[in-house]
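Right, one structure below, let's go through it.
FYI, it's all coordinate maths here, none of it is from the lab. Values in this document were obtained by computation on a predicted structure and should not be read as measured data. When we count neighbours, we look across all protein chains shown, and the Cβ atoms used for this are built from the backbone with ideal geometry, even at glycine.
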Amino acid sequence: FAVERDVSGGSTVVAKAEGRAGVRVTTAVGDRFPFSAPAIMQAFEAWTPPADLERLIQRHGLQQFTENTVTDPDELHKLLVQVRRDGFSRSVRQFDMAQGAAAAPIFDAKGRASLVLCTLAFSSELNEQNVVEVGTKLRDSAERLTQRTGGVSPYERSDPAAASG
């Protein structure tokens with residue numbers, strides 16, 4: 001599914017696709033996520049200037065959804081370095097103990113994350129063993145969408161120094 005930021009500081013699902021068979025975790029267009037929903041927030045905010053991110057955290061807070069949710073700002077900043085390096089975020093049992101997620105930003109013409117692609121699944125299906133593979137595929141799709149919509153990526157994946165910034 002794809003989400004965009006809404007006026008509350010949270011995110012709203014604006015598009016979705018899913019398989020038709022089997023039991024699955026799903027969202028609907030119009031569903032909302034709070035600001036600090038881990039995978040989505042990290043994908044949106046990894047490229048936000050630190051002072052701007054601090055203001056957002058002060059305004060919206062970092063909600064603890066499960067015992068695995070990162071709510072310490074210093075730990076969050078470390079995670080965001082990894083998100084910038086990898087090009088995607090991951091959340092396994094951080095929003096809900098039964099869920100895993102990966103998310104990747106789609107950038108606009110000014111290099112800002114304007115949408116986030118996210119996949120959500122049961123944590124028995126999307127977990128520590130496969131989240132990198134899933135996140136990499138999601139990142140590659142988001143990069144293609146960025147290019148096809150005239151967006152500009154704020155980093156070059158071939159330059160490790162730029163990606164780790």
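Points to keep in mind about this one:
- Cα-based Kirkwood hydrodynamic radius, region 1-119, one decimal, Å: 14.5 Å
- Net lengthening on full extension, Asp72/Thr12 (0.36 nm per residue, minus Cα-Cα): 19.1 nm
- Hz values of 3J(HN,Hα) by residue in region 128-142 - Karplus curve (6.51, -1.76, 1.60), Gly and Pro given as x: 4, 6, 10, 5, 5, 4, 5, x, 5, 5, 5, 4, 4, 5, 5
- Note on Asn127 and Arg20: with the Förster distance fixed at 30 Å, the Cβ-Cβ geometry gives a FRET efficiency of about 0.80.
- Estimated FRET transfer efficiency (Ser141, Gln58; beta-carbon r; R0 35 Å; 0.05): 0.60
- Region 55-123 shape via C-alpha gyration tensor axes, a/c threshold 1.5: oblate
- Helical contribution to [θ] at 222 nm, DSSP H n ≥ 4, -39,500 (n - 2.57), averaged over the chain, rounded to 500: -10500 deg cm²/dmol
- With the highest mean first, a sort of the peptides 28-40, 137-149 on other beta-carbon atoms found within 10 angstrom per residue produces 28-40, 137-149.
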